[in-house]
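For reference, the structure is listed below as structure tokens.
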Amino acid sequence: MYFDPKPKERREDLYDRDKELGKLIDLVKKNAPIIVVKGIRRVGKTSLVRVALNESQRNFIIVDLRGINPNSRRDLVVRFQMAINEALKRSNVLKRVLASVREVEVSKFGVTISWRRASVLEDILLKLQDERFVVVLDEVQDARGPVGKYLASVIAHFYDYGDLPFILTGSQIGLLYDFLGVEDPRAPLYGRFLYELEVSRFTREQGLEFLRLGFSQLGLDAEDEMLEKVVEVLDGIPGWLVHFGLLAKTHGASEKTLEMTLSQASRLALGEFNEFLKRREVARRRYEAVMKAIANGKRTWSEIKRELEKHEGKTIADSVLSRILEALVKASFLEKIVDGRNIEYKISDPVLEYALKRGSL
Ligand SMILES: Nc1ncnc2c1ncn2[C@@H]1O[C@H](COP(=O)(O)OP(=O)(O)O)[C@@H](O)[C@H]1O
Ligand SMILES: [Mg+2]
């Protein structure tokens, strides 16, 4: 079933992605030490990784790092604990294996990890290595600060001295590269070989076929013209298409349902953008002004700059604007499109663009 809000687990529920699946399964079989799966939010990274690991018949844990507190070891331990308890549903091997680790308590309700002893996570990872697990760190760029540094150095240690494959996913691609330290010789993971895989949004044709098949799985009718419109507006982002499909289950595949999808999706997308702004309170209004300018069609450097200056009623230094644009690109809210000497900026998510155009923030 395609129209399901959760990440997919089984091959039959995943539309296409044959190439990406083949490549990922191959890398897992080869025991590639670090695999990086990148792509914008809701494009299907977690689904791809879950299906690939289920297909490759390896044991695995998926640590969800979305929104982790970058200063809290305790939060990190809790994330691992959740991942391990979820993995227990697939296989019982962990209960037996982890029973011998100090500060890990195993009961019939699952596994509890104490965060008091600093190296407890490393001991757990060693056990996972013995059992040939794969460790997925989902949305790893959210682990910044001390937690991120710690995680990166653990991965580097296993890369150098161990044999435990890590799959790292990230929606904020520039920040993902920051985590990996690709440009920073002092970063723990600098210089390590990364196998990279990109998950792209569906093409128009794929998006349309995805919707058609999704509706036929439900035995529901949907007019092609309507579905074409949906793909045009939501631009082949699987998560948004699924959102439309789910609403259409009760409300039908109509114009009104598309509006409903946009309004609910806008709230989600704006919420995520707000999370980003929270860490940039001082410059918040500038970020907003830049994003709104781009949403309203000002796509080149000079157009954006003029708009920002109009907004603030004073001149803005180039360096200020370039820092803002760079941060927005790093967090994948913007894409930088370079065509020869022409540079344009585009909002990656059509839903966020729609929401900003309407001025609600
Ligand atoms: N290829 C696909 N086939 C079917 N559903 C998909 C596909 N890719 C993504 N989805 C659906 O889209 C939503 C977002 O997918 P998810 O894997 O969580 O994306 P990401 O991890 O990139 O944010 C989920 O509802 C998921 O089931
Ligand atoms: Mg995900």
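The values are calculated or read from the model by the stated rules, or taken from the named source; none is laboratory data. Please read all numbers here as calculations on a predicted model, not as lab measurements. Here the Cβ positions follow ideal geometry from the backbone for every residue, glycine too, while neighbour counts run over all protein chains shown. For accessibility, only protein heavy atoms count, side chains too; no ligands or nucleic acids. Shrake-Rupley method; radii C 1.70, N 1.55, O 1.52, S 1.80 Å.
What to note about this one:
- Mean separation of Cα contacts under 8 Å (6+ apart) over length of region 121-193, as relative contact order %: 35
- Annotation: extensible slack from Thr112 through Ser56 equals 17.4 nm (criterion: 0.36 nm per residue apart, minus Cα-Cα distance).
- In order along region 102-111, the phi-based Karplus estimate (6.51 cos²θ - 1.76 cosθ + 1.60, θ = phi - 60°) of 3J(HN,Hα) comes to 5, 6, 10, 10, 10, 9, 5, 8, x, 10 Hz; Gly and Pro are listed as x.
- Sorting Asp224, Asp349 by solvent-accessible area of protein heavy atoms yields Asp224, Asp349, largest first, with a 1.4 Å probe.
- Among 69-78, 108-117, 52-61, the peptide with the highest mean count of other Cβ atoms within 10 Å heads the list, and the full ranking is 52-61, 69-78, 108-117.
- Tilt relative to the chain, helix 224-234 - C-alpha long axis, 0 to 90 degrees, to 10: 80
- Residues whose amide H lies under 5 Å from that of Lys8, counting only those 5 or more places away or on a different chain, are Ser47; hydrogens are built 1.01 Å from N in the peptide plane.
- Among the listed pairs Lys305/Lys346; Lys229/Lys249; Lys256/Lys330; Lys30/Lys330; Lys256/Lys310; Lys278/Lys310, those with a Cα-Cα distance over 26 Å are Lys256/Lys330; Lys30/Lys330; Lys256/Lys310.
- If the chain linking Asn92 and Arg285 were pulled fully straight, counting 0.36 nm for each residue of separation and taking away their Cα-Cα distance, it would gain 64.4 nm.
- Accessible-area rank, largest first, for Tyr177, Tyr345: Tyr177, Tyr345, with all protein chains present and a 1.4 angstrom probe.
- Using only the C-alpha atoms, the convex hull of the chain corresponds to 158 Å³ per residue.
- Phi angles of region 332-340 translate, via the Karplus equation with coefficients 6.51, -1.76, 1.60 and θ = phi - 60°, into HN-Hα couplings of 6, 6, 10, 10, 9, 10, 9, 10, x Hz per residue; Gly and Pro are given as x.
- Within straight-line cross-link reach of Lys89, aspartates and glutamates at Cα separation under 14 Å, skipping those fewer than 8 residues along the same chain: Glu9
- Of all DSSP beta bridges in the chain, antiparallel share, percent nearest 5: 40
- Against the chain, whose longest principal axis is taken from its Cα atoms, helix 238-251 shows a tilt of about 80°.
- The chain - percent of accessible surface contributed by carbon and sulfur, probe 1.4 Å: 48
- Less than 5 angstrom separates the built amide H of Leu334 from those of Val329, Ser348, all sequence-distant by 5 or more or on a different chain.
- The protection proxy used here, the mean number of other Cβ atoms lying within 10 Å of each residue, ranks peptides 162-173, 249-260, 226-237 as follows, highest first: 162-173, 226-237, 249-260.
- Arg66 versus Asp160: modelled label distance in nm, points set 7 Å from Cα along the beta carbon direction: 3.4
- Amide H contacts under 5 Å for Ile167, placed H, 5+ residues apart: Ile35, Val135, Val136, Leu137
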